[in-house]
1. Given the convex hull over the Cα atoms of the stretch 278-340, what projected area results after averaging over all orientations, in nm²?
2. How high is the FRET efficiency between R23 and N356 when r is their beta carbon distance and R₀ equals 35 Å, given to the nearest 0.05?
3. Based on the Cβ-Cβ distance from T243 to Q215, what FRET efficiency comes out when R0 is 25 Å, to the nearest 0.05?
4. For W254 and S136, calculate 0.36 nm times their separation in residues minus their Cα-Cα distance, and state this gained length in nm to one decimal.
5. Net charge near E109: determine it from the other residues with C-beta under 12 Å of the C-beta of E109, scoring Lys and Arg +1 and Asp and Glu -1.
6. How much length is gained if the chain between Q107 and L410 is pulled fully straight, taking 0.36 nm per residue apart and subtracting their Cα-Cα distance, in nm to one decimal?
7. Which ordering of V400, V370 is given by a fewest-first count of other beta-carbon atoms within 10 Å?
8. So for the pair A72, K151, with labels modelled 7 Å out along Cα→Cβ, what separation do we get in nm?
Amino acid sequence: MTAIACLRILFNAGESQPGEIPRSKAQAVADAFLKARWRAPRKCGAVAPLAFVLADNRVETLDPAEMQALAAELEQVLFPGGEGGEICLMTFQGDETAVLKFASLSQKELAGLVAGKGYGGAAGRVHVITADAVESVPSTHEEARALAAEKAEAGAADAPLADKASKTAKAPVAPKAPPPPPPPPPPQTGWWGVYDLSANAFVASLIGMRADLLQPPPEDDDKLLKRDLICLTDAQAALKAATFGQILVPFGFWNLTTQSALDAYKSRLSRYPLDQQPRLVATIYGTPREASLGMLQQMRAFLKGSFAFMDLRVEDATFPIHGLPPELIDSVTLLLTGETEFDRMSNIQRFAERKNLYEGKGVMQGVAGVATRAELEACRAAGIARVQGPAITTLLDKPVAGAEGAPIALS
């Protein structure tokens, strides 16, 4: 079982104090801090503005002392000097659904939690960490009401019995206010920014599943197909507002070889606006080393009506690009794998050694899963065209809006 928690950052009302990280940059600073502290095989990532999920698949519950120490240290990073409560951090532990719902709470709802009012969601363990203290607070409205009742009973027990009876007789019974409706669940998808190292600018956005921040993607093709269809639907909706750059949408390699899956894809693609085709990229994940020429030609023929470009996402740095004809594919993206930094750097180097082959075919090289500044700089030094991953952006709510900006690792 995987233990998961959500860490939220709440800015209190008021002006920023000297030394405080600007609120506009708090997301990137907190994300970089957590990735440096919450090391593999544990996972962490941003799932909403100022909301970070932490996961550890080796334990059933996270150590409260470690969580408190981590949050308290982050508080000092964001607000050095402990000048007094401009920022408070909250950790929430529960199941995956509850954690993601907690991640979607507004700043107003978070303030209600800090005040001990609870929220309209599933129960969990909530700790509030400020510069001065760490305390547990009720997670739900029901817990808050029960705690208030217990305190009222304890206070009443200390009062004279007659006085208590008098107050009980005279006090009007206030009607219970209905609980506020629970917040809508966060979207299942988010967006990774794609950065062009030669242009030093953002050029595209890749849609992905938020669940991948908590656990590895499933291996079953049927489950992968359902994820792809969600991404296709959400990407289509985003096209109305997202006017900048290319939009990358994932397809499972083996599902593109199965007629029932092709029919499911086709039902979604029939809704795609034709005028957006020139900026759309189909990125085919799970591409095996032995992908046949015939398979790839059929995929290109199927996708070209809606997608101007086709990208192969591979995990083999020595993918045999030499066996493919020019103009069949537009790019190959290496998904970084490996438990150690040495393994990941070695994969970048082996991929880059084939740069002349790729250029001869007119195929662009990219690297995905870039997680550190060292990996980013290795890609730049090797002449890799495009990079994406947690060192470039967090998982965003919307596609990147413009070319300006720098990868998180360089901010």
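What follows is calculated from the coordinates using simple rules that are stated; it is not laboratory data. On a predicted model such as this, the values are computed, not experimentally measured, just so you know. With ideal geometry, Cβ positions are generated from the backbone for all residues, glycine too; neighbour counts draw on all protein chains shown.
1. Numbers: hull surface 19.0 nm².
Computed as one quarter of the Cα hull surface, the answer is 4.7 nm².
2. The computed FRET efficiency comes out at 0.15.
3. Between T243 and Q215 the formula returns 0.15.
4. Separation in residues times 0.36 nm, less the Cα-Cα distance, equals 37.7 nm.
5. Neighbourhood net charge equals +4.
6. Working: separation 303, 0.36 × 303 = 109.08 nm, distance 2.84 nm.
In short, 106.2 nm is gained.
7. Ranked by crowding around the Cβ, least crowded first: V400, V370.
8. 2.3 nm
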